[in-house]
Amino acid sequence: MPLKKSLFFSLILPYLIINNLYGFSIEESNLVEERDLSQYVKEYSAYANSIEWELFAKTQELDECYVDEEGFDNCLVKPIYSDEITKLDNMSVTITGFMFPLEASDKLNNFLIGPFPLDCPFHYHIGPAKVIEVRSKKAISFSYDPITITGILKLDYNLETGVFYYLDSE
């Protein structure tokens, strides 16, 4: 009997009170405005004259699959860089995006940056055409908010990691 009372007072009663006070049910709540992800990205990609992520997305991702010597199937994703992005190779560019740490630290010299916030601590859920590996001489404090960083963009496909681009920053 005490368990039923405790369950009622801890779970059910607060729900009933909130539902009656605010006039909504959990299923019908409009507390979070639904937005298209591209609208969200456009808001911050205009910061500090940053390159828009759509330019990086024009790089085609070519799947190259093969069977190795031991009989295992392997697939690589290789870049076919667009003419627009090729013109920026070895040029100073500004990027605004979200950090994806490659190590557990508050200050990072090496991390990934992309157009979307983290949604998984193990890997980014987008293709390599929209991810840049940042190599910075000066450590940068980790942030869940978008950051803006300037550096030299290098189009350099890394066969081992699958990275298409690097940004070398002071």
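Each reported figure results from applying straightforward, stated rules to the coordinates on display, with no laboratory input. Every value quoted in this text rests on a predicted model; they were computed, and no experiment measured them. As a convention, Cβ positions derive from the backbone with ideal geometry for all residues, glycine included, and neighbour counts pool all protein chains shown.
Neighbours of K138 by Cβ distance under 12 Å: Lys/Arg scored +1, Asp/Glu scored -1, total +1. Is the shape of the stretch 59-170 best called rounded, prolate or oblate, per the rule: a/c under 1.5 gives rounded, else a/b larger than b/c gives prolate, else oblate, with a ≥ b ≥ c the square roots of the Cα gyration tensor eigenvalues? It is oblate, given that a/c is not under 1.5 and a/b is not larger than b/c. Listed here are the pairs K58/K154; K87/K154; K58/K137; which of them are more than 19 Å apart at the Cα? Cα-Cα > 19 Å for K58/K137; rest within. Using C-alpha pairs below 8 Å separated by at least 6 residues, the relative contact order for the stretch 60-141 is 24 percent. Across every direction, the projection of the convex hull enclosing the Cα atoms of the stretch 127-170 has a mean area of 3.6 nm².
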